[in-house]
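A.B. asks: Sharing a structure, written as C-alpha cells. Questions coming.
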Amino acid sequence: MPTALIGLGSNLGARAAACARAASLIDRLPQTRLVALSRLVESAPIGGPPQRPFVNAVLRVETGIRPGPLLRKLKRIERDLGRVPGLRWGPRRIDADLLYWGEAVVRNGSLDLPHPRIAERRFVLDPLAEVAASFRDPVRGCTLEALRDRAAPEVRGQEVSVMKPVPRTWKFLGERIARRQSDGARRAPARILRTVAALRRYVAAARRAGRSIGFVPTMGALHEGHLSLMRRAKRECDVVLVSIFVNPMQFGPREDFSKYPRDLAGDARLCSSAGVDAIFAPSVEAMYPPGFKTCVDMRDLTEPLCGRFRPGHFRGVMTVVAKLFLQVQPDAAFFGQKDFQQAAILKQMARDLDFPIRIVRCPIVREPDGLAMSSRNAYLSPEERSQALCLSQALTEARRLLRGGERRAGRLRRAMKRIVRAVSGARIDYISIVDPETLRDVEQATPSSVALLAVRIGPARLIDNAILGE
Ligand code: PAF
C-alpha cells in the first residue's frame, strides 16, 4: 500500500493529547495503518496573534485511500476534535496536513502534494526525516533526510525542541505500533535467500512496488544490538533485509573464523521477531567463487586503532560490504556504533565510491551492567564476563573526568588504563582518545572526541567506545 506522511500540530488545550487522538483516529481509517510516529516537537507559532507554542509530529501511514478522499477524512478528524474555522495562522486545537502521498504530485487548488511549505518549516522537516528518512521527495528528487540537511540556514535556525518527558498518550501509541509490528512479524517469518540471483529477484520486486529498502549487514550470532538496528531500519524503510555471512576475508589467520558462533535457524527467528522481511545468507562460494581476485581498500582511517592489530581486517570488511551494497542496492544501511571505526570507514567508502546509500550509525546497546553487547561475549566464562566490565567502566571514568573539566587526553587515557590494568588477565591492545572524523589521537579532548579501547579477556578480544560528551 502507498505510504502517506501526515503532519500534526496543536496549540490549544491538551496539545499532545490532541495529536495522539488524531493519530489514533487516522489509524482507524479504513485500509489505513499507522506504521511510525515521530517524537513530539515544540515550536514557536509562525505569524498570527500572540499564542502558545505548537506541539507537532509527523505520522507515517500505509493507506489504500486515495489522496483527495484522505485529505477530506483528515479535515473531518480536525472538526471532530474541535477545530473551529478561525483566524489564518491563529491558534488551533488540531491541524492534520497531508504532506506526501506516495510520489504523487498534485496541484489543483484544493490539494497540493507534496505540501508546499515543507521545506520552510524545521518543525516539519525534523520529524519527517525521523519517520521517513529514505522517502524520496518527488519534486525535489532527494530523500527527506537530504531535504532536512539542505534546508536554508534561516530554516535550520528555527527553534524546535523535543517534548520531554514523552506524554503518556504518545508513548502508548508508539507501543501499539511496536506490538503490532512484532505480532505481524510473528505471523510472517523472514524469507531466507541463499543465492545472489534470488536476492536480486527479491530486491527487484520490492523496487517495482516502490518500496524503500533498509539493509542490516551482520555475521549472525544476533543479539539485542543487532535487533535494535533492524527495528530502526523497520521504522525508516518499507522493506528490511538482513545479511548473515561470516566473512572469511575479514579474519586473520590466527583469529576466530572457524569457531565464530553460527545458528541460522535461531537468527532467522530473531530477525522475524524484529519484523525483518528477508535474510540473505549466502555460502562462502556464492560470495567468493573460485578465481575471485578483487578487494576494496582505504588509506588513513584503516591504519590506527583496530587496523594496527588486525592487518587486512578492514580490507575484508570493505570488500564484503561493497559487494553486499551492489547486490542489495539499499536506500539505507544500518551499523552499530560499537564498531565505531568500521562505521566511519564504511561511511567514507560509500562517499568515495558514490554508493547512493545513507549510512546510519546507531547507538551501542548495553547489558544492564554496562557491558556492550557483542557476539564475542559468548566466549567469556562467568568470571571473564565480570572482568569485561572494565571496558565500560573505563569509558565512564573518561566521561566523568571530561565533565569535570579535564581536557588533557593523556590524563583521560591514563585513568582508563588504570581501571583496565586493575583487572588481572586483561590485556590492552589500545586505549585512545581520537577525533571522530580522522580517528587520529588528539592532545586536547572535546565533548565530540571519542574514547575507544580494545582489550583481550580470556579468549575474547572486546572493543567498546564512547563519544565523551554524550
Ligand atoms: O560488523 C559486522 O558484523 C561485519 O564486520 C560486517 C559489517 C557484517 C561485514 O562482514
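A.B. asks: In terms of modelled amide H atoms, which long-range or inter-chain residues lie less than 5 Å from the amide H of Val35?
C.D. replies: When sequence neighbours closer than 5 places are left aside, the close amide H contacts are Arg60, Val61, Glu62.
A.B. asks: Please list log₁₀ I(q)/I(0) at q = 0.31 Å⁻¹ for the stretch 4-56, using the Debye equation with identical point scatterers on the alpha-carbon positions.
C.D. replies: Those come out to -1.28, one per q.
A.B. asks: A further question on this structure: Points 7 angstrom from Cα along the Cβ direction at Ala44 and Arg76: gap in nanometres?
C.D. replies: So the label points at Ala44 and Arg76 sit 3.9 nm apart.
A.B. asks: Quick one: angle between helix 168-187 and the longest Cα principal axis of the chain, in degrees between 0 and 90, rounded to 10, please.
C.D. replies: Once rounded, the angle reads 60 degrees.
A.B. asks: Beyond 45 Å, what percent of the Cα pairs of the chain remain?
C.D. replies: Values: 19351 of 110215 pairs.
For the chain, the share of Cα pairs beyond 45 Å comes to 18 percent.
A.B. asks: Another question, if that's okay. Against the 2.2 N^0.38 Å scaling, with N counting residues, where does the stretch 1-131 land? I'd like the Cα-based Rg ratio to two decimal places. List each step's numbers first, then the result.
C.D. replies: Values: Rg = 13.7 Å, N = 131, 2.2 N^0.38 = 14.0 Å.
So the stretch 1-131 has a normalised radius of gyration of 0.97.
A.B. asks: Quote the accessible area belonging to Ser38 in square angstrom, nearest 10, computed with a 1.4 Å probe and with ligands, DNA and RNA left uncounted.
C.D. replies: Approximately 0 Å² for this residue.
A.B. asks: While we're looking at this one, here's another question. Shape verdict for the stretch 77-164, please, from the Cα gyration tensor: rounded (a/c under 1.5), prolate (a/b greater than b/c) or oblate. Present the calculation step by step, with values, prior to reporting the outcome.
C.D. replies: Numbers: a/c = 1.87, a/b = 1.26, b/c = 1.49.
Since a/c reaches 1.5 but b/c is at least a/b, the shape of the stretch 77-164 is classed as oblate.
A.B. asks: Using DSSP to define loop residues, name the trypsin sites (Lys or Arg not before Pro) in the stretch 414-459 whose beta-carbon has at most 16 other beta-carbon atoms within 10 Å. Could you put the intermediate results ahead of the total?
C.D. replies: Working: sites: Arg414, Lys417, Arg418, Arg421, Arg427, Arg440, Arg456; in loops: Arg440.
Of the trypsin sites (Lys or Arg not before Pro), the ones in loops of the stretch 414-459 whose Cβ has at most 16 other Cβ atoms within 10 Å are Arg440.
A.B. asks: Work out from phi, with θ = phi - 60° and the Karplus expression 6.51 cos²θ - 1.76 cosθ + 1.60, the ³J(HN,Hα) of each residue of the stretch 446-451, listed in order in whole Hz, and give x for Gly and Pro.
C.D. replies: These are the phi-based 3J(HN,Hα) values: 10, x, 8, 5, 10, 9 Hz.
A.B. asks: Which value, in debye to the nearest 20, describes the size of the charge dipole of the chain about its Cα centre when Lys and Arg Cβ atoms bear +1, Asp and Glu Cβ atoms bear -1, and nothing else is charged?
C.D. replies: Working: 78 positive and 48 negative charges, 197 e Å.
Charge dipole, the chain, about its Cα centre: 940 debye, nearest 20.
A.B. asks: Considering the alpha-carbon set of the stretch 168-316 alone, what are its Rg and its Dmax in angstrom?
C.D. replies: Rg and Dmax of the stretch 168-316, Cα atoms, are 17.7, 59 Å.
A.B. asks: How much area per residue is accessible in the stretch 68-128 when the probe is 1.4 Å and only protein heavy atoms are counted (Å²)? Before the final figure, lay out each step's value.
C.D. replies: Numbers: 3190 Å² over 61 residues.
Value returned for the stretch 68-128: 52 Å² of accessible area per residue.
A.B. asks: Can you compute the radius of gyration and Dmax for the stretch 124-225, using only the Cα atoms, both in Å?
C.D. replies: Rg then Dmax for the stretch 124-225, in Å: 18.2, 50.
A.B. asks: If you stretched the chain out fully between Val84 and Arg180, how much longer would it get, using 0.36 nm times the residue separation minus the C-alpha to C-alpha distance? Walk me through the intermediate numbers first.
C.D. replies: Working: separation 96, 0.36 × 96 = 34.56 nm, distance 3.39 nm.
My answer for the length gained is 31.2 nm.
A.B. asks: Let me ask something else. I need the phi-derived Karplus couplings for the stretch 206-216: 6.51 cos²θ - 1.76 cosθ + 1.60, θ = phi - 60°, integer Hz, Gly and Pro marked x.
C.D. replies: For the stretch 206-216, the Karplus curve yields 4, 5, 4, 7, x, 9, 7, 10, x, 10, 10 Hz.
A.B. asks: Here's a follow-up. So what's the angle, to the nearest 10 degrees on a 0 to 90 scale, between helix 340-352 and the longest Cα principal axis of the chain?
C.D. replies: 60
A.B. asks: Rounded to the nearest 5, what % of DSSP beta bridges with both residues in the chain are antiparallel? Before the final figure, lay out the partial values.
C.D. replies: Values: 48 of 67 bridges.
Bridges in the chain that DSSP calls antiparallel: roughly 70 percent.
A.B. asks: Can I ask one more? For the stretch 337-406, just run the numbers: alpha carbon Rg, then divide by 2.2 N^0.38 Å, N being how many residues it has. Present the calculation step by step, with values, prior to reporting the outcome.
C.D. replies: Details: Rg = 16.0 Å, N = 70, 2.2 N^0.38 = 11.1 Å.
Against the empirical 2.2 N^0.38 Å value, I get 1.45 for the stretch 337-406.
A.B. asks: Follow-up question, since we're still on this one. Using a 1.4 Å probe on the protein heavy atoms only, what accessible surface does Ile364 show? Give it in Å² to the nearest 10.
C.D. replies: The accessible area of Ile364 comes to roughly 40 Å².
A.B. asks: Hey, another quick one. Roughly what angle does helix 264-273 make with the longest principal axis of the chain, taking Cα atoms, 0 to 90 degrees, to the nearest 10?
C.D. replies: The angle comes out near 30 degrees.
A.B. asks: Where the accessible area of the stretch 124-260 is counted over protein heavy atoms with a 1.4 Å probe, how much of it, in %, is carbon and sulfur?
C.D. replies: On the way: 3690 of 6990 Å².
Roughly 53 percent of what the probe reaches on the stretch 124-260 is carbon or sulfur.
A.B. asks: Once phi is turned into θ = phi - 60°, what whole-Hz ³J(HN,Hα) does the Karplus curve with 6.51, -1.76 and 1.60 give for every residue of the stretch 323-334, x standing for Gly and Pro?
C.D. replies: 4, 4, 4, 6, 6, 8, 6, x, 7, 9, 10, 10
A.B. asks: Next question. Rounded to a whole number, what % of the accessible area of the stretch 263-411 do carbon and sulfur atoms account for, probe 1.4 Å?
C.D. replies: Details: 3410 of 6790 Å².
On the stretch 263-411, the fraction of accessible area on carbon and sulfur atoms equals 50 percent.
A.B. asks: For the stretch 133-162, which trypsin sites (Lys or Arg not before Pro) are both in a DSSP coil and crowded by at most 16 other Cβ atoms within 10 Å?
C.D. replies: Arg140, Arg150
A.B. asks: On to the next question. Calculate, for the stretch 211-332, the solvent-accessible area per residue in square angstrom, rolling a 1.4 angstrom probe over the heavy atoms of the protein chains. The partial results should precede the final answer.
C.D. replies: Values: 4970 Å² over 122 residues.
Heavy-atom accessible area per residue stands at 41 Å².
A.B. asks: Taking Rh as the Kirkwood radius, which is the inverse of the mean 1/r over Cα pairs, what is the Rg/Rh value for the stretch 371-470? Could the numbers behind the result be given before it?
C.D. replies: Numbers: Rg = 13.2 Å, Rh = 13.5 Å.
Across the stretch 371-470, the Cα-based Rg/Rh ratio is 0.98.
A.B. asks: Do the alpha carbons of any pairs in Lys234/Lys259; Lys234/Lys338; Lys164/Lys347 sit beyond 28 Å of each other, and which pairs? Mind dumping the intermediate values first?
C.D. replies: Values: Lys234/Lys259 31 Å; Lys234/Lys338 20 Å; Lys164/Lys347 32 Å.
Pairs exceeding 28 Å: Lys234/Lys259; Lys164/Lys347.
A.B. asks: Using only Cα positions of the stretch 288-423, each an equal point scatterer, no hydration layer, compute I(q)/I(0) via Debye at q = 0.14, 0.20, 0.21 Å⁻¹ and quote the log10 values to two decimals.
C.D. replies: Values returned for q = 0.14, 0.20, 0.21 Å⁻¹ are -0.85, -1.25, -1.29.
A.B. asks: Right, here's the next one. Using only alpha carbons, build the gyration tensor for the stretch 53-108 and give me the equivalent ellipsoid semi-axes, biggest first, whole Å. Could you put the intermediate results ahead of the total?
C.D. replies: Working: eigenvalues 97, 32, 29 Å².
Square roots of five times the eigenvalues give 22, 13, 12 Å.
The values are calculated or read from the model by the stated rules, or taken from the named source; none is laboratory data. Values in this document were obtained by computation on a predicted structure and should not be read as measured data. In this analysis, Cβ positions are derived from the backbone assuming ideal geometry, glycine residues included, and neighbour counts consider all displayed protein chains. In case anyone asks, the SASA skips ligands and DNA or RNA and just uses the protein heavy atoms, side chains included. Shrake-Rupley method; radii C 1.70, N 1.55, O 1.52, S 1.80 Å.
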